[in-house]
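Chemist: First the structure, then my questions, so here it is.
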């Protein structure tokens, strides 16, 4: 039986690879990710230092994982004159295709020491051998 797959997956992956070098600072190429796979899960680790859990949004849509995080401008020392101010409002986004179909409802994420860990259980596949049709 033919495998149902996204016919645009190769194109999406090509755009992912091309876009990494073209995006301005603060977007996808600033989010380093590791994607690993076990027998049961796909695990994504993303470096997001300086964000709070409430700043982070993770979504899965059509086997595509998107990580978004937004940090507001720092406000400490409002009476001070800054000689350098680099820690400002920042929004980042990283989107990537997953290597296999996953069970979105059983997925989980944790954030510790600036690292976001997302565990995405693989969707159980059933062996569908189809059926025989008798030729008359």
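Chemist: Can residue 20 be described as surrounded by 11 or more Cβ atoms within 10 Å (Cβ to Cβ) and either at pLDDT below 65 or in contact with a helix residue (DSSP H, G or I) (Cβ under 8 Å, 6 or more places away or on another chain) (or both)? Before you say what the answer is, go through the steps one by one.
Modeler: Working: surrounded by 11 or more Cβ atoms within 10 Å (Cβ to Cβ): yes; either at pLDDT below 65 or in contact with a helix residue (DSSP H, G or I) (Cβ under 8 Å, 6 or more places away or on another chain) (or both): yes.
For residue 20, the condition - surrounded by 11 or more Cβ atoms within 10 Å (Cβ to Cβ) and either at pLDDT below 65 or in contact with a helix residue (DSSP H, G or I) (Cβ under 8 Å, 6 or more places away or on another chain) (or both) - is met.
Chemist: Same structure again: Confirm whether residue 56 is modelled with pLDDT under 95 and surrounded by 10 or more Cβ atoms within 10 Å (Cβ to Cβ).
Modeler: no
Chemist: Report, ordered by the first and then the second residue, all pairs with beta carbons closer than 7 Å, sequence separation of six or more or different chains, a first member in the stretch 58-78 that is over 20 Å from residue 97 (Cβ atoms), and a second member that is at pLDDT below 85 and exposed (fewer than 11 other Cβ atoms within 10 Å of the Cβ).
Modeler: Hits for this filter: 71/89; 72/89; 73/88; 73/89.
Chemist: When only residues in the stretch 96-133 that are at pLDDT below 95 and touching a helix residue (DSSP H, G or I) at 6+ places or on another chain (Cβ under 7 Å) count, which is nearest to residue 51 (Cα to Cα)?
Modeler: The qualifying residue nearest to residue 51 (Cα to Cα) is 96.
The values are calculated or read from the model by the stated rules, or taken from the named source; none is laboratory data. What you see is a predicted model, and the numbers here were worked out from it, not measured in a lab. No Cβ is skipped: glycine too gets one built from the backbone with ideal geometry, and neighbour counts run over all protein chains shown.
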